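The values are calculated or read from the model by the stated rules, or taken from the named source; none is laboratory data. Because the structure is a prediction, the values reported are computed rather than measured. Backbone-built Cβ (ideal geometry, glycine too); neighbour counts: all protein chains shown.
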C-alpha cells in the first residue's frame, strides 16, 4: 500500500464523521445518499435521507410508488431531476435486475441519473470494487496534492484527475479509501483556508510546498446569473368565495422542475405589465379567460443558471374550458389541499402567503 493511502486510511479511521449512510452496505441506501449529496451539503441531506427512507425503505417501494408521491417526499431537496431519475432507475432495478443492484460499472452507468462519479461511488462503497471516484472534494485534494494548475473542470484535467484517483486506490480497500479521500476534502482540504497542519498527507503536497493552497484548484470566472421576471396567477373559481377552489397545473415530466405542480404563469415580455402577462400566459397555457386582481406576493429565487422574481396575483376565472398546451395535468383544489402536492420552492412561498392571510 502506498504511503498516501496508508496515512489517509489511518486518519480516516480516527476522524470520520458518523453519517447514517456509513452504517450500511445496502446499495440502495448508499445510492440514495450519493444522489442526495449531489449539489447539497451533508448537513442538509440527513433529514431528507431519513424522510425518504421512511417513505420508501427499499428499491421495490420506490419503484412501485407514483411519481407524485416521490416528488412530494423529495420536496425541498431541490434539483428534482434527481428524484425523477431515482424513480426511473428504481423501476429498472426492480424489473430488470429483480431488485439487486448491478455491480459492473457499465451497467451502473446505464441507470438514469448515474454518471461516472456515482457509478464509482456505488461500485466502491457498496461493493468494495477497486474503482476510483472524483467529486468536487476529491478534485480539490488532488489538484493541490499534485500541483495541478489547469482548470479542474476542463475535460483534459478531469481525465488527469481520474487517472490520479485510480492510481491511488489501494487494492481491496476502495470502500474506505474513497470515503476517506472525500472526507479529507470536506473537512480538512476545504475550499478556503484549508487546515493543512491537520492534513495526514501534507508532507508531499505540492500546493502546500509552494504556498498555493489558497490558489488551487484554479477557479473559473463566475458569470452573472441571468434574471427573469415571472408573473403567475392564483385563480379562484368564484373570486375567492367560501369553499372556493384554485387552479394548479402539473409541469411536463422532463425539464426544469419536471412533474411539479405550480400556479400558471410565465415570463414577462418587454413592455408588458405584470397583470397583462398573467392573463396572456393563462390564455396561452390553459385557454381560459381570467380577471387579474391584487398582488399576493413577490418572491426572489435563484436556480443554478438563472434567478427570478416571481410576482403572484389573485385572479378570478371568467370564461372558457381548460385546454392544456404546456402542462400534463390540471386540478381545481381547495387552498388547504395545496400542501398535498409537490411545488417548487418559489410557489411554496406563495402558498405560505395564502395561508397567512
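Scanning the stretch 252-272 turns up one or more residues that are in a strand (DSSP E or B), modelled with pLDDT of 95 or more and farther than 15 Å from residue 230 by Cβ. Please work out if residue 112 is closer than 28 Å to residue 305 by Cα, assigned by TED's automatic domain parsing to the domain that holds residue 132 and out of contact with any helix residue (DSSP H, G or I) (no Cβ under 8 Å at 6 or more places or on another chain). No. Taken over the stretch 49-82, the criterion of being on the phi < 0 side of the Ramachandran plot and in a loop (DSSP other than H, G, I, E, B) is satisfied by 56, 57, 58, 64, 65, 66, 75, 77, 80. A count restricted to the stretch 280-316 and to residues that are touching a residue at least 60 places away in the same chain (Cβ under 8 Å), assigned to a loop (DSSP other than H, G, I, E, B) and touching a strand residue (DSSP E or B) at 6+ places or on another chain (Cβ under 9 Å) stands at 1. Where residues in the stretch 109-134 are within 19 Å of the chain's Cα centre (by Cα) and not in a loop (DSSP other than H, G, I, E, B), which of them is farthest from residue 159 (Cα to Cα)? Only one residue fits best here, namely 122. Given the structure, is residue 246 farther than 16 Å from residue 309 by Cβ and surrounded by 14 or more Cβ atoms within 10 Å (Cβ to Cβ)? In short, yes. Taken together, the residues in the stretch 48-59 that are in contact (Cβ under 8 Å) with a residue 24 or more places away in the chain and surrounded by fewer than 16 Cβ atoms within 10 Å (Cβ to Cβ) amount to 2.
Yes or no: the stretch 317-329 includes at least one residue that is modelled with pLDDT under 95, on the phi < 0 side of the Ramachandran plot, out of contact with any strand residue (DSSP E or B) (no Cβ under 8 Å at 6 or more places or on another chain) and surrounded by 12 or more Cβ atoms within 10 Å (Cβ to Cβ). Scanning the stretch 317-329, I find at least one residue that is modelled with pLDDT under 95, on the phi < 0 side of the Ramachandran plot, out of contact with any strand residue (DSSP E or B) (no Cβ under 8 Å at 6 or more places or on another chain) and surrounded by 12 or more Cβ atoms within 10 Å (Cβ to Cβ), so the answer is yes.
Residue 279 falls short on exactly one of the conditions (1) over 27 Å from the mean Cα position of the chain (by Cα); (2) surrounded by fewer than 17 Cβ atoms within 10 Å (Cβ to Cβ), and that condition is (2). Out of curiosity, is residue 102 over 24 Å from residue 253 (Cα atoms), in contact (Cβ under 8 Å) with a residue 60 or more places away in the chain and touching a helix residue (DSSP H, G or I) at 6+ places or on another chain (Cβ under 7 Å)? No; evaluated as a whole, the condition is false for this residue.
Number of residues in the stretch 150-176 that are assigned to a loop (DSSP other than H, G, I, E, B), in contact with a strand residue (DSSP E or B) (Cβ under 8 Å, 6 or more places away or on another chain) and surrounded by fewer than 16 Cβ atoms within 10 Å (Cβ to Cβ) equals 1. Taking interchain pairs and intrachain pairs at least six residues apart, which have beta carbon atoms under 8 angstrom, with the first residue in the stretch 198-219 and assigned to a loop (DSSP other than H, G, I, E, B) and the second exposed (fewer than 13 other Cβ atoms within 10 Å of the Cβ)? Close Cβ pairs satisfying both conditions: 200/10; 214/192; 214/193.
Evaluating residue 218 against the criteria (1) modelled with pLDDT under 95; (2) assigned by TED's automatic domain parsing to the domain that holds residue 293; (3) surrounded by 12 or more Cβ atoms within 10 Å (Cβ to Cβ) leaves one unmet condition, (2).
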